[in-house]
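In what follows, a single structure is set out as structure tokens and then discussed.
A short reminder: the numbers here are calculations on the coordinates, not readings from a lab. This is a predicted model, so every value here is computed, not measured. Neighbour counts are summed over all protein chains in view; Cβ atoms, including those assigned to glycine, are modelled from backbone coordinates with ideal geometry.
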Amino acid sequence: MPTETPDIIIIPIKAMERYQTVQEYLRGSLSVKEASARCQIGERQFFRLAAKVKAAETDKQEAGQTGPETLIHANTGRAGNRTLSEETKHEVKKLINSHYSDFGPTLAAEKLREQHRITLSKETLRGWMVKWGLWQPKPRKTNSQHRQWRERKSCYGEMEQWDGCYGFWFEDRGEACCLLASIDDASGRLTGARFVDWEGVFPSFEFWQKYLKKHGKPGSIYLDKHSTYKINAKTLLDDPEARTQFERACQELGITVIHAHSPEAKGRVERLFKTLQDRLIKELRLRGISSKEEANRFLEEVYIDDFNNRFAVEPKEPGDVHRPVQETDEELDRIFSIRVERTVMNDFTVRYQGRYFQLLPTTKRLVRKKEKVEVRKSEDQSVAIYLRGGRLPSEELPERPQKAKPQPELLAHTKRDKQQWKPAPDHPWRQYGRN
């Protein structure tokens, strides 16, 4: 007759240590206070363990357990009440492989809940994805340089952090473009985002003109030293009058411009782009968006509000310190245009960026030669010339004005033939040295 192999019982080290402590207490070598302290439990709980071991040794038949296994917790090896079934795990793995293979655990858990009504904690899903080889835990960073933490601003609208980020936001469905975004320093609210072709003057002007109409004037703007926002030429660094068009517009609006000396200084907007490069790209993919126009509508109508509901925090002080915009639309258009000073030439033409503009005599303003005028260039590349606040009528010339050439007959009278002059025979020069 084959003998039955008894079940193998795995006893935790913790149960073994407590069993030995109880035995010493029963033998009288330890007091209750010492034994309970060694087991890291209270005295009442230790009395229960000692009674359980003593009862098992006294009546083995009734207890059914002897030795250290007496102290093994009853739930050891038993599945938890909230344990998900293997079928659920298999379904989750299938969905992630088919739809969210490059998603992080947090975003994948959100999409499973929103799109498939499967509720999982991000930590549970993180463990599963690591086990399945779909997620690699990020190593801890070591700080190579000490940086001092800066406290958030107190009120909403006190300071906006602003930057642009180039990349393939539509992956292989569209061309690379730039995302301009601003985030409030006090609350972490995404206050504006817009896809543009490049981080230039007019895209920045368009962004902030819409921002002012929606929110008002912020106290300050914290940005980097991009050439659109700061003059970096060494010959002009020490010139207090040298300003970019962006700095000039902000100064006229009463908005302070603060330039960061490192990316870490404006870390809030840098982390914003890191989040958007992960989440926004995947959202655009799931919705099949492949153009800047569609993406900008999605940002304004859906994404910005959803982002703020997830990540925005309450500022330290309540209220909104944005200042109302007192300027009219016409004044805003004037402020958010490229404005430079030029000199009227002798033929009453003005030169700007290789283009020539002829001032017309129909103007009611007195224009003199060598007078300084203001040239304004709009986003549509149209150019207007202003003098003392009024616009001067002008037309663009197709080519550079040519200098007037003298007439050939006039040139004949003015031109002298080059002939070698000879002194006369009786000239004093000839008399010199004869004697």
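Which of Gln45, Gln161, Gln115 moves most in a GNM of the chain, Cα contacts under 10 Å?
Maximum among the listed residues: Gln45.
For the range 160-311, what does the relative contact order come out to in percent, with C-alpha contacts under 8 Å and a separation of six or more? Each step should come with its number before you reach the end.
On the way: 199 pairs, mean separation 41.8, N = 152.
Relative contact order here is 27 percent.
Which of Thr328, Thr88 comes first, and how do the rest follow, when ranked by fewest Cβ neighbours within 10 Å?
Ranked by crowding around the Cβ, least crowded first: Thr328, Thr88.
With Cβ to Cβ distances under 11 Å as the rule, what net charge do the other residues near Leu134 carry (K, R +1; D, E -1)?
Details: positive: Lys93, Arg126, Lys131; negative: Asp102.
Spelling it out: positives minus negatives among the neighbours equals +2.
Once you've got the Cα coordinates, tell me which of Lys153/Lys217; Lys111/Lys138; Lys14/Lys131 are over 20 Å apart. Present the calculation step by step, with values, prior to reporting the outcome.
Numbers: Lys153/Lys217 16 Å; Lys111/Lys138 22 Å; Lys14/Lys131 27 Å.
Flagged as over cut-off: Lys111/Lys138; Lys14/Lys131.
In the range 160-311, what is the volume of the convex hull around the alpha carbon atoms, normalised per residue and reported in Å³? It would help to have the intermediate numbers written out before the result.
Numbers: hull volume 17.6 nm³, N = 152.
Dividing the Cα hull volume of the range 160-311 by its residue count gives 116 Å³.
Once label points are set 7 Å from the Cα along Cα→Cβ at both Lys138 and Ile13, what is their separation, rounded to one decimal in nm?
About 3.3 nm separates the two model spin labels.
If R0 is 51 Å, what FRET efficiency do you get for Lys372 and Arg285 from their C-beta distance, rounded to 0.05? Don't skip to the answer; put the middle values down first.
Details: r = 54 Å, r/R0 = 1.05.
In this case the efficiency is close to 0.45.
Under a crude label model (7 Å from the Cα following the beta-carbon direction), how far is Glu327 from Arg78 in nanometres?
Reported label-point gap for Glu327 and Arg78 is 7.2 nm.
Using a Förster distance of 51 angstrom, determine the FRET efficiency expected from the C-beta separation of Asp278 and Glu396, and round it to 0.05. Walk me through the numbers before you get to the answer.
On the way: r = 48 Å, r/R0 = 0.94.
In this case the efficiency is close to 0.60.
If each residue's Cβ is checked for other Cβ atoms within 10 Å, how do Leu95, Leu360, Leu280, Leu223 rank with the fewest at the top?
Details: Leu95 16, Leu360 11, Leu280 20, Leu223 23.
By the 10 Å Cβ count, ascending, the order reads Leu360, Leu95, Leu280, Leu223.
If you rank Cys178, Cys250 by fewest surrounding Cβ atoms within 10 Å, what's the result?
On the way: Cys178 18, Cys250 21.
Ascending number of Cβ neighbours within 10 Å: Cys178, Cys250.
Given (1) 30.7; (2) 20.9; (3) 23.9, which label gives Kirkwood radius over Cα pairs in Å as computed from the coordinates?
So the structure-derived entry is (1).
Calculate the dipole size of the chain relative to its Cα centre from +1 charges on Lys and Arg beta carbons and -1 charges on Asp and Glu beta carbons; express the result in debye to the nearest 20. Write down the numbers at each step before the final one.
Details: 77 positive and 65 negative charges, 372 e Å.
Approximately 1780 debye in magnitude.
Under 15 Å from the Cβ of Glu396, count the other residues' Cβ atoms, weight Lys and Arg +1, Asp and Glu -1, and hand me the total. It would help to have the intermediate numbers written out before the result.
Values: positive: Arg342, Arg351, Arg355, Arg376, Lys377, Arg391, Arg400; negative: Asp347, Asp380, Glu395, Glu399.
Taking every Cβ under 15 Å from that of Glu396, the sum is +3.
Simple spin-label model, 7 Å along Cα-to-Cβ: Ala37 to Lys225 in nm?
6.3 nm
Treating only the Cβ atoms of Lys and Arg (+1) and Asp and Glu (-1) as charged, compute the dipole magnitude of the range 338-396 about its Cα centre; round to the nearest 20 debye.
Values: 14 positive and 8 negative charges, 70 e Å.
Charge dipole, the range 338-396, about its Cα centre: 340 debye, nearest 20.
Got a sec? Charge dipole of the chain, +1 on Cβ for Lys and Arg, -1 for Asp and Glu; which of Leu366, Ala249, Leu107 is way out at the positive end?
Leu366
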